[in-house]
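The values are calculated or read from the model by the stated rules, or taken from the named source; none is laboratory data. Values in this document were obtained by computation on a predicted structure and should not be read as measured data. In this analysis, Cβ positions are derived from the backbone assuming ideal geometry, glycine residues included, and neighbour counts consider all displayed protein chains. Surface areas here come from the heavy atoms of the whole protein model, side chains and all, with no ligands, DNA or RNA. Shrake-Rupley method; radii C 1.70, N 1.55, O 1.52, S 1.80 Å.
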Amino acid sequence: MSDKKKVLPGDEVAVAEEYLPAEGTYEEGGIVYSALTGELKVNEDEKFVSVEAENPMVSLAVGDSVFCEVTDVRASMAICDVVAVEGRSRNITGDTNGTIHISKISQDYVQDVGREYRPSDIIRAKVMQVKPSIQLNTAHPHFGAVKSLCRVCRAPLRRTERGLYCDHCEEHEPRKIADDYGFVETILLTGKE
């Protein structure tokens with residue numbers, strides 16, 4: 001059985017002698033308080049109280065499709081800052097620094113990570129591991145760069161038959177691009193224009 005009611009942070013929800021604090025609650029001075037705004041859940045069988053958040057924060061999970069900004073490129077990996085989970089509008093909680101190992105960038109052989117991704121590229125990746133560190137994968141055709149800038153003039157690169165092209169510098173640049181490159185609304189992803 002479980003009783004449900006709406007509570008606010010700091011609301012007294014139980015006495016510690018009767019119920020153990022669980023998710024969304026804390027105990028102080030023998031009283032259990034709500035740590036969140038949400039629905040109070042009382043578990044009479046196991047004698048604990050919890051609060052289910054009304055608008056829960058987004059935390060990364062294995063299998064999530066995420067958008068990242070490449071912050072650094074090393075010999076064996078690209079380092080990224082995860083900025084959004086695809087399909088969710090809330091900010092991510094917790095660690096957002098992830099890496100893509102050279103072997104997880106493409107289905108094809110990759111000799112140089114810097115030819116596939118450059119700092120400031122916005123990419124879509126799949127979360128392969130969350131703990132102890134975030135590991136990402138872009139080998140599938142749907143994953144890869146969704147927005148890239150020219151390494152010389154920083155103008156947005158346009159997709160062409162031969163890869164990505166800078167209209168200003170009139171140069172082609174290689175990238176591992178997603179199958180929908182250029183069609184993802186980056187303002188919604190990063191909050192940046």
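Suppose we filter segment 105-124 for residues that are small (G, A, S) and either farther than 24 Å from L149 by Cβ or in a helix (DSSP H, G or I) (or both); how many remain? Don't jump to the end; show me each part of the working.
Here is the first cut: in segment 105-124, the residues small (G, A, S) are 106, 114, 120.
Cutting the leftovers down to either farther than 24 Å from L149 by Cβ or in a helix (DSSP H, G or I) (or both) gives us 114.
Final tally of qualifying residues: 1.
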>> Go through segment 124-148 and report how many residues are open to solvent by 40 Å² or more (accessible area, probe 1.4 Å) and touching a Pro at 6+ places or on another chain (Cβ under 8 Å).
In response: 1
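To keep it simple, each residue is scored yes or no on (1) of a type in the set (V, I, T); (2) at pLDDT below 90; (3) in contact with a Leu (Cβ under 7 Å, 6 or more places away or on another chain); (4) outside any loop (DSSP other than H, G, I, E, B).
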| position | (1), (2), (3), (4) |
| --- | --- |
| I100 | yes, no, yes, yes |
| S103 | no, no, no, yes |
| K126 | no, no, yes, yes |
| Y181 | no, no, no, no |
>> Any residue at all in segment 88-105 that's in contact (Cβ under 8 Å) with a residue 60 or more places away in the chain, more than 12 Å from the chain's Cα centre (by Cα) and buried (at least 17 other Cβ atoms within 10 Å of the Cβ)?
In response: yes
> Among the residues of segment 149-183 satisfying the criterion of being buried (at least 17 other Cβ atoms within 10 Å of the Cβ) and of a type in the set (A, V, I, L, M), which is nearest to the chain's Cα centre (by Cα)?
Replying inline: A178
> For residues in segment 2-17 being open to solvent by less than 60 Å² (accessible area, probe 1.4 Å) and hydrophobic (A, V, I, L, M, F, W, C), which is nearest to the chain's Cα centre (by Cα)?
Replying inline: V7
> Which condition number in (1) assigned to a strand (DSSP E or B); (2) without any contact (Cβ under 8 Å) to a residue 12 or more places away in the chain is the one that L40 fails?
Replying inline: (2)
>> So, in segment 24-50, exactly how many residues are modelled with pLDDT under 90 and of a type in the set (A, V, I, L, M)?
In response: 2
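Tell me, yes or no, whether segment 7-26 has at least one residue that is of a type in the set (S, T, N, Q) and part of a loop (DSSP other than H, G, I, E, B).
Taking segment 7-26 first, the residues of a type in the set (S, T, N, Q) are 25.
Subset that is part of a loop (DSSP other than H, G, I, E, B): none.
No, every residue in segment 7-26 fails to be of a type in the set (S, T, N, Q) and part of a loop (DSSP other than H, G, I, E, B).
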> From the residues in segment 18-63 that are open to solvent by less than 80 Å² (accessible area, probe 1.4 Å) and closer than 30 Å to F143 by Cα, which one is farthest from the chain's Cα centre (by Cα)?
Replying inline: P56
